[in-house]
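Engineer: Before I ask anything, let me first share the structure, which is written out below as structure tokens.
Every read-out reported here was derived from the displayed coordinates using simple, explicitly stated rules and does not represent laboratory data. Keep in mind the model is a prediction, meaning the values are calculated, not measured. Neighbour counts run over all protein chains shown; Cβ positions are idealised from the backbone, glycine included.
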Amino acid sequence: MARRTIGIVMNGVTGRMGYRQHLVRSILAIREQGGLALADGTVVWPEPVLVGRSEAKLAALAQMHGLTRWTTDLAGALADPANEIYFDAQVTTARVEALHTAIAAGKHIYTEKPTAETLDDALALADAARTAGIKHGVVQDKLYLPGLLKLKRLVDSGFFGRILSVRGEFGYWVFEGDWQPAQRPSWNYRSADGGGIILDMFPHWRYVLDHVIAPVRTVYAQASTHIPTRVDEHGNEYKADADDAAYAVFELEGGIVAQLNSSWTTRVDRTELVTFHVDGTHGSAVAGLRGCRIQHRNATPKPVWNPDLPVTTDFRAQWTEVPENDEYDNGFKTQWEEFLAHVVADAPYRHDLFAGARGVQLAELGIESWRTGTKLTIPELEA
């Protein structure tokens, strides 16, 4: 059995997502299972190189996980021919320059989203990668969630009949940082640092709607900065001028209407932190991160509106849980495995930088819709 070691420059692993989901739950998890076995018997062994700005943090992470390769010198890491992949989980404002540098160094690219703050920058990255002939991928993790995989199976099977609408709810209360520390980094709430929930979440909604339900054709968005002042990681008060909640209506192909609320200023009264309620002529479903409940038209009760009497019906009890017929691995890890197979064995891979650009496009149009108060058509992007 041949073993193929592949160096991965991982920039931004001292951050929340870069560390938890990409280093620990993906790359280190692949190593713990003995590597990634390909169809031809080759075992891909990922060798991470931790990159960041803080020597102390990098050294501590490396020691904690038994790793030896870490550096604050990104250029030096990219110059090493043993490092074939560059991964970026930095703040959005630092991403474009770093990705261009890695592309120029001939590295394959795998990156968190959004790939850029503007569509022009996102397309320039995709064009540069294509011109360089390197392979490139963008994290689109929610497509790998068990709940959305179940929902996709329902859509493909025709369970819904004609899909009418989608209602999505995402979010939770992010503490202001005064009496309790915030559970998200402060840059998320500063426009100058690439913050804002539209730029963060609309790229997700683009690929979820496009791949699970139907392509997005129009957008109308309203956003707000509900909490204008927050306290950062060092206890300093700062102006939170980025949008922390967005309320959007998307029209999808076929006349499907999707309403998605995204908020860091809401308290959760849902079964999961994100839910998608899909209604169709033949049935409905409510999907979350892991679960998916359905109600077929043949099992749909007949509610009667009567505000004069207390409600005695347990409406949620009238839904059926979709069974766990498959085994579901961590979604970030699964996508990493797909990308590694793409790089090493040229396996098919669809979530490239052009897909990432479509997500940035929706965010940019969402912001424009908010600023102008208009419904906007989404132009086709040619890859």
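Engineer: Of 212, 43, 304, which is the most mobile in a GNM of the chain whose springs link Cα atoms less than 10 angstrom apart?
Structural biologist: Result: 304 has the largest fluctuation of those listed.
Engineer: From the helices alone, meaning DSSP H stretches of at least four residues, give me the mean residue ellipticity at 222 nm for the chain, per-run term -39500 (n - 2.57), in deg cm²/dmol to the nearest 500.
Structural biologist: -8500 deg cm²/dmol
Engineer: Also: Report the local net charge at residue 371: Lys and Arg +1, Asp and Glu -1, summed over other residues whose C-beta lies under 12 Å from its C-beta.
Structural biologist: Spelling it out: positives minus negatives among the neighbours equals -3.
Engineer: Give the long-range amide H neighbours of residue 347: residues separated by 5 or more places, or on another chain, with amide H under 5 Å away, using H modelled in the peptide plane at 1.01 Å from N.
Structural biologist: Counting only residues 5 or more places away or on other chains, the set is 342.
Engineer: By the gyration tensor of its Cα atoms, with a ≥ b ≥ c the square roots of the eigenvalues, what is the shape of region 260-330: rounded for a/c under 1.5, prolate for a/b over b/c, or oblate?
Structural biologist: Cα axes put region 260-330 in the oblate bin.
Engineer: Still on this model: What list of ³J(HN,Hα) values in whole Hz, one per residue of region 305-321 in order, does the Karplus curve 6.51 cos²θ - 1.76 cosθ + 1.60 (θ = phi - 60°) give from phi, with Gly and Pro shown as x?
Structural biologist: 6, 8, x, 8, 10, x, 6, 10, 8, 8, 4, 5, 5, 8, 9, 10, 6
Engineer: On a 0 to 90 degree scale, rounded to 10, what angle separates helix 146-157 from the longest Cα axis of the chain?
Structural biologist: 60
Engineer: Who wins for biggest fluctuation among 106, 147, 158 in a Gaussian network model of the chain, springs between alpha carbons below 10 Å?
Structural biologist: Highest fluctuation among the options: 158.
Engineer: What does the net charge come to around residue 177 if you take all other residues with beta carbon closer than 14 Å to its beta carbon, with K and R at +1 and D and E at -1? Present the calculation step by step, with values, prior to reporting the outcome.
Structural biologist: On the way: positive: 184, 190, 230, 239; negative: 176, 178, 232, 233, 237, 244.
That works out to -2.
Engineer: A further question on this structure: On a 0 to 90° scale, report how tilted helix 331-345 is relative to the longest principal axis of the chain, with both axes built from alpha carbons and the result rounded to the nearest 10.
Structural biologist: So the inclination is approximately 50 degrees.
Engineer: Amide H to amide H, which residues 5 or more places from residue 229 or on other chains are under 5 Å from it, using H placed in the peptide plane?
Structural biologist: For residue 229, whose amide H was placed from the backbone, the distant partners under 5 Å are 240.
Engineer: Could you run the Karplus curve 6.51 cos²θ - 1.76 cosθ + 1.60 with θ = phi - 60° over region 374-379 and give me ³J(HN,Hα) per residue in whole Hz, x for Gly and Pro?
Structural biologist: 10, 7, 10, 7, 9, x
Engineer: Just subtract the alpha-carbon distance of residue 56 and residue 165 from 0.36 nm times their residue separation and send over the number in nm, one decimal.
Structural biologist: Computed gain between residue 56 and residue 165 is 34.2 nm.
Engineer: Follow-up. With springs only between Cα atoms under 10 Å, which of 130, 267, 316 fluctuates most in a Gaussian network model of the chain?
Structural biologist: With Cα springs under 10 Å in the chain, the top fluctuation among 130, 267, 316 is at 316.
Engineer: Now for a separate question. Classify region 285-368 from the C-alpha gyration tensor, please: rounded if a/c falls under 1.5, else prolate or oblate depending on whether a/b exceeds b/c.
Structural biologist: Oblate, because a/c is 1.5 or more while a/b does not exceed b/c.
Engineer: Which semi-axes, in whole Å and largest first, does the equivalent ellipsoid of region 322-383 have when worked out from the alpha carbon gyration tensor as the square roots of 5 times its eigenvalues?
Structural biologist: Over the Cα atoms of region 322-383, the ellipsoid semi-axes are 33, 18, 10 Å.
Engineer: Cα gyration tensor of region 138-260, axes a ≥ b ≥ c as square roots of the eigenvalues: rounded (a/c below 1.5), prolate (a/b > b/c) or oblate?
Structural biologist: Since a/c reaches 1.5 and a/b is larger than b/c, the shape of region 138-260 is classed as prolate.
Engineer: Calculate how steeply helix 92-104 sits against the longest principal axis of the alpha-carbon atoms of the chain, using the helix alpha-carbon long axis, and give the answer as 0 to 90 degrees to the nearest 10.
Structural biologist: Long axis of 92-104 versus the principal axis of the chain: about 50 degrees.
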